[in-house]
1. With no solvent and one equal point scatterer per Cα, compute the Debye intensity ratio I(q)/I(0) for the chain at 0.07, 0.13, 0.16 Å⁻¹ and report its log10, rounded to two decimals.
2. Could you report region 23-74's accessible area per residue, 1.4 Å probe, as an integer in Å²?
3. Work through the residues other than Leu195 whose Cβ is under 13 Å from its Cβ and net out their charges, Lys, Arg +1 and Asp, Glu -1.
4. By average Cβ neighbour count within 10 Å, what is the ranking of 171-180, 71-80 from highest down?
5. State the extension gain, in nm to one decimal, for the chain segment bounded by Lys273 and Ala125, taking 0.36 nm per residue of separation less the distance between their alpha-carbons.
6. Enumerate the calculated ³J(HN,Hα) couplings along region 59-64 in order (Karplus 6.51 cos²θ - 1.76 cosθ + 1.60, θ = phi - 60°), each rounded to whole Hz, writing x wherever the residue is Gly or Pro.
7. Show me 192-198, 6-12 ranked by packing, highest mean number of other Cβ atoms within 10 Å first.
8. Take every Cα pair under 8 Å in the chain that's 6+ residues apart, average their separations, divide by the length, and report that relative contact order as a whole percent.
Amino acid sequence: MLILKSPAKINLFLRILRRRPDGYHEIASLFQAVDLCDTLHLATAQADHFTCTDPSLAVDATNLVVKAIHLFRAQTRITTPLSIHLEKLIPQQAGLGGGSSNAATTLWGLNELCGRPASTAQLAAWGAAIGSDVSFFLSGGTAYCTGRGECVQNLEPLNPLELTIVKPAEGLSTPLVYGKVKADLLPHRNPEQVLEQFKNGIFDYFNDLEEAAFGVMGSLAELKSRLLQSGFSAVLMSGSGSSFFCTGEGKVPSDLKHYRVRTLNRPSEEWYKLKAKR
Ligand code: C5P
């Protein structure tokens, strides 16, 4: 039996470069894992059995955990029956990559349970077929991601950050937000330069998807202003929203869910582990 943490991610910056002929967008983004985690319990069993604490999440073939199991079996031809239980904590439709993280954690865990038939690099390459963010979670937790997000350059951990993630009640659909992006009208920032600044401790947060997301859900722009006025130093949407991560100290409106998180990294041979809480 393996019990594995499945962390959320934020995008410290997210640049949209262009829309591609296949409908995806070419991005350049600094992804960072954080210690807001789901938990996966995986074991070999007599027959396949998958359960989840969140009744709103289907446990059928649409679930990214199930997609990861099918993918692993197709690639390795190892079909040992499995019992998997998913404890959900990461909010959905939040831009925090929860489903992608669950898929990556399943791939990593299955590979361990089955005697490591694949390398982590192979798992990351397979994972891209499930979703653009899956490969990132097989990195060390800090990575510069390009292409549609699946080209992952693993980076040394940045200086640790403590953040507040704020999640409005309403979620956002990733394809809907990407569909509203006007890539040609975005500021022409050079992502390689921004990345170098981050490596040197100058954190120039931005997210090219914000305007598109604010177009879909007008209340988000208002929420961002409120959070900034309440004292946070920077307030940035994560991925395609609807959650924000905030730096510094501020007051979150009492009706909104929020999470205090820290950046999370893992050593190359181990999976993500939580550090003792403050
Ligand atoms: O790869 P994933 O399944 O997570 O993507 C969901 C949707 O988000 C895609 O179908 C596409 O509409 C949009 N997307 C995009 N460009 C990306 C990633 C996602 O347009 N780089």
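The values are calculated or read from the model by the stated rules, or taken from the named source; none is laboratory data. Computed from a predicted structure; not experimentally measured. Methodologically, a virtual Cβ is constructed for each residue, glycine included, from the backbone with ideal geometry; neighbour enumeration extends over all protein chains shown. Areas reflect the complete protein model, heavy atoms only, side chains present, ligands, DNA and RNA absent. Shrake-Rupley method; radii C 1.70, N 1.55, O 1.52, S 1.80 Å.
1. One equal scatterer on each Cα of the chain leads to -0.24, -0.85, -1.28.
2. Working: 2130 Å² over 52 residues.
Dividing the accessible area of region 23-74 by its residue count gives 41 Å².
3. Numbers: positive: Arg15, Arg189, Lys199; negative: Glu156, Glu192, Glu196, Asp204.
With Lys, Arg at +1 and Asp, Glu at -1, the neighbours total -1.
4. Details: 171-180: 16.6, 71-80: 14.9.
For the peptides 171-180, 71-80, the packing ranking is 171-180, 71-80.
5. Numbers: separation 148, 0.36 × 148 = 53.28 nm, distance 2.30 nm.
Separation in residues times 0.36 nm, less the Cα-Cα distance, equals 51.0 nm.
6. 9, 9, 5, 7, 6, 5
7. Details: 192-198: 14.9, 6-12: 28.7.
Descending packing order for the listed peptides: 6-12, 192-198.
8. Details: 584 pairs, mean separation 66.5, N = 278.
Normalised by residue count, the contact order of the chain is 24 percent.
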